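In what follows, a single structure is set out as structure tokens and then discussed.
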Amino acid sequence: MSPDELNKLMADSAKDAVVTAADEFDIVLDHSPASVALVDDVLLRFVKRYHDLALEDEAVFTICNIFGAYVGEILKTQLDGQWIYDQSNPKAPAVFLQVGENTYAFAGICYERLVNDTQISVFSYYQQALAKHSRRH
């Protein structure tokens, strides 16, 4: 996948997150840094709405990827990051946002909140990444 294709995929995925949040929960994601906090709410609402129904792996994958892309796109703009497509595990390729020497797995942190631990905060992860790089500028 070329860098341009990956950038388009992630931008389109972020747009899908905006539509999904509005359609499912009437939550407006406006691409502002403050809206990242709402992603935590959206993921919790998925847990509450579908807790009796095991979300299929494909649904979980999609939810985590679109909301991870949404948060990543905001940080990418703020810190001039770039998307990296990691194929080191051919059975589970992954996308990370690279900022300087650091990479951030926003889909992974969304997965942790959605599936494993609702105390994990996507917004906190985002703030930590932002703070780490803001000190350097």
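Dividing the helix sum by the residues of the chain, where each DSSP H run of 4 or more adds -39500 (n - 2.57), gives a mean residue ellipticity at 222 nm of -19500 deg cm²/dmol.
Helix 122-134 versus the longest principal axis of the chain: what is the Cα-based angle in degrees, 0 to 90, to the nearest 10? The two axes meet at around 10 degrees. Lysine pair count for the chain (Cα-Cα distance under 24 Å; residues 8 or more apart in sequence or on different chains): 5. Taking the accessible area of region 26-137, probe 1.4 Å, and keeping the other protein chains in place, the carbon and sulfur fraction comes to 49%. Per residue, the chain exposes 58 Å² of solvent-accessible protein surface, assessed with a 1.4 angstrom probe and all protein chains in place. Would you kindly state the longest site-free stretch of the chain, with sites defined as GluC sites (Glu not before Pro) in a DSSP loop (not H, G, I, E, B) surrounded by at most 11 other Cβ atoms within 10 Å? Answer - 1-55. With the Kirkwood sum run over all distinct C-alpha pairs, region 1-113 has a hydrodynamic radius of 14.4 Å.
From largest to smallest, what semi-axes in whole angstrom does region 66-137 give when each is the square root of 5 times an eigenvalue of its alpha carbon gyration tensor? Numbers along the way, then the final one.
On the way: eigenvalues 76, 57, 18 Å².
Each semi-axis is √(5λ); the values are 19, 17, 10 Å.
When the Gaussian network model of the chain links Cα atoms closer than 10 Å, the mean-square fluctuations of 94, 11, 37 top out at 94.
Remark: region 60-137 carries a charge dipole of roughly 120 debye about the Cα centre, counting +1 on each Lys and Arg Cβ and -1 on each Asp and Glu Cβ.
Taking 7 Å steps out from each Cα toward its Cβ at residue 31 and residue 98 produces label points 2.5 nm apart. The angle between the Cα long axis of helix 3-25 and the longest principal axis of the Cα atoms of the chain comes to about 30 degrees, rounded to the nearest 10.
Tilt of helix 57-79 relative to the longest C-alpha principal axis of the chain, in degrees (0 to 90, nearest 10)? The answer is roughly 40 degrees.
The values are calculated or read from the model by the stated rules, or taken from the named source; none is laboratory data. All values reported here derive from a predicted model rather than from experimental measurement. Please note: Cβ atoms are built from the backbone with ideal geometry, for glycine as well, and neighbour counts cover all protein chains shown. For accessibility, only protein heavy atoms count, side chains too; no ligands or nucleic acids. Shrake-Rupley method; radii C 1.70, N 1.55, O 1.52, S 1.80 Å.
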